[in-house]
């Protein structure tokens with residue numbers, strides 16, 4: 001049975017944001033990510049693209065539908081006709097993997113090449129956020145125990161905890177943590193990941209693209225007891241924090257100065273950001289770290305929704321409001337609709353996030369008919385076009401605008417004059433505006 005196309009207005013044929021041609025990067029001030037181009041808060045909002053997700057990429061008419069999602073798009077629930085940059089998104093999280101298991105072929109992101117993916121993003125006015133997916137659900141800094149980890153800026157790799165404290169206050173072996181799966185020696189932890197990010201090719205990519213954000217590792221960290229506050233196991237939460245302090249210092253020591261994004265413990269445990277986010281940010285020599293939480297079935301809004309577990313799940317409104325008051329910048333790195341791994345209404349999440357000036361990235365930008373993600377299509381369209389909370393509406397707000405700075409302002413002008421001239425004209429314009437208001 002063919003998919004029924006709903007009657008929706010077509011997405012705009014015009015690109016929402018201009019290409020990013022003069023990158024100035026970002027910095028952190030308190031709990032805000034600041035665009036160096038505009039001098040104001042920048043809130044990333046957009047989609048994930050799962051380049052490294054499929055072991056066997058699906059095909060339509062012989063074409064890999066998930067291989068080039070940045071140059072395809074959605075109109076009337078079909079993401080093949082309008083570029084992603086026309087959805088109102090200002091950012092895209094490029095979900096990649098370093099490699100597939102032996103005999104499974106080559107990941108699409110490796111076929112295309114990370115430089116091409118980054119360039120495609122920038123040309124569509126999208127801030128690229130790179131992440132490594134091989135760390136998903138892994139627990140150890142180095143599962144292979146093969147590395148020698150020299151201290152960096154006074155930080156060392158913490159020892160893997162041997163026990164945790166259970167609900168009754170008793171020590172228990174780590175192996176008995178509910179949901180815990182021991183890493184295999186060939187799994188990837190933070191050590192393998194930061195080695196990959198600082199390869200000569202990747203290091204050159206980061207250094208050439210200051211607007212590129214590095215989300216070090218997807219959903220790394222041990223499971224928690226539940227997503228309710230005070231329900232983590234303290235030993236593994238501290239191990240998560242200490243490991244990231246070392247990883248960030250290692251990346252900085254190798255020359256990566258870009259904004260770094262850290263997924264909270266196990267991806268979903270929001271309290272870890274409140275407990276340790278400030279310490280991780282303080283440990284960053286560049287003080288340029290932001291944090292991400294993934295909102296799935298560990299949260300509920302109990303409006304009611306099927307499967308609400310108030311004693312296990314975190315309350316959505318309370319969690320987002322707390323993250324909005326965190327001392328560090330936070331975005332929702334992944335979330336989805338009710339049909340995919342959650343028990344809350346995604347519209348509630350988006351509205352709460354927007355009210356708290358927290359960015360969000362929908363999982364996932366994908367093709368209807370590609371099981372299991374075909375059920376995402378209505379929400380994927382809605383978060384672009386909804387007049388109240390959608391990306392196109394948000395794109396009119398200055399905090400969602402990067403304001404890339406052109407290198408020159410007049411034909412024939414030296415590029416050397418571009419930024420000083422721009423800043424001088426901005427100062428003069430403000431003086432004129434102010435004097436006009438005073439008259």
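Just so you know, in the stretch 150-190 the residues that are outside any loop (DSSP other than H, G, I, E, B) and surrounded by 13 or more Cβ atoms within 10 Å (Cβ to Cβ) include one that is farthest from the chain's Cα centre (by Cα), and it is 172. Checking 199, 121, 140 one by one, the residue that is more than 28 Å from residue 270 (Cα to Cα) and at pLDDT 95 or above is 199 and no other. Residue 225 meets each of the listed conditions (1) farther than 19 Å from residue 288 by Cβ; (2) crowded, with 20+ Cβ neighbours inside 10 Å apart from (2).
Of the candidates 381, 373, 335, the single residue that is within 28 Å of residue 123 (Cβ to Cβ) and at pLDDT 85 or above is 335. Among the conditions (1) touching a helix residue (DSSP H, G or I) at 6+ places or on another chain (Cβ under 8 Å); (2) in a loop (DSSP other than H, G, I, E, B), residue 268 misses just one, which is (1).
For every residue, the table says whether it meets (1) part of a helix (DSSP H, G or I); (2) surrounded by fewer than 21 Cβ atoms within 10 Å (Cβ to Cβ); (3) at pLDDT 85 or above.
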{"site": "349", "(1), (2), (3)": "yes, no, yes"}
{"site": "364", "(1), (2), (3)": "no, no, no"}
{"site": "403", "(1), (2), (3)": "no, yes, no"}
{"site": "417", "(1), (2), (3)": "yes, yes, no"}
{"site": "429", "(1), (2), (3)": "yes, yes, no"}
{"site": "436", "(1), (2), (3)": "yes, yes, no"}
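Residue 201: under 17 Å from the mean Cα position of the chain (by Cα) and part of a helix (DSSP H, G or I), yes or no? In short, no. Listed conditions (1) out of contact with any helix residue (DSSP H, G or I) (no Cβ under 6 Å at 6 or more places or on another chain); (2) closer than 19 Å to residue 217 by Cα; (3) outside any loop (DSSP other than H, G, I, E, B) are all met by residue 318, apart from (2). Look at residue 211 and say whether it is within 25 Å of residue 333 (Cα to Cα), in contact with a strand residue (DSSP E or B) (Cβ under 8 Å, 6 or more places away or on another chain) and in a loop (DSSP other than H, G, I, E, B). Here the answer is yes, as residue 211 does meet what is asked. Just one residue in the set 224, 198 is touching a residue at least 40 places away in the same chain (Cβ under 8 Å), farther than 24 Å from residue 23 by Cα and out of contact with any helix residue (DSSP H, G or I) (no Cβ under 6 Å at 6 or more places or on another chain); that residue is 224. Residue count for the stretch 94-125 satisfying the condition of being over 22 Å from residue 14 (Cα atoms) and either in a loop (DSSP other than H, G, I, E, B) or within 17 Å of the chain's Cα centre (by Cα) (or both): 17. Scanning the stretch 244-268 for residues that are more than 19 Å from the chain's Cα centre (by Cα) and buried (at least 22 other Cβ atoms within 10 Å of the Cβ) yields 246, 250.
The values are calculated or read from the model by the stated rules, or taken from the named source; none is laboratory data. Owing to the predicted nature of the structure, the values given are computational and were not obtained by experimental measurement. Reconstructed Cβ throughout: ideal geometry from the backbone, glycine too, with neighbour counts over all protein chains shown.
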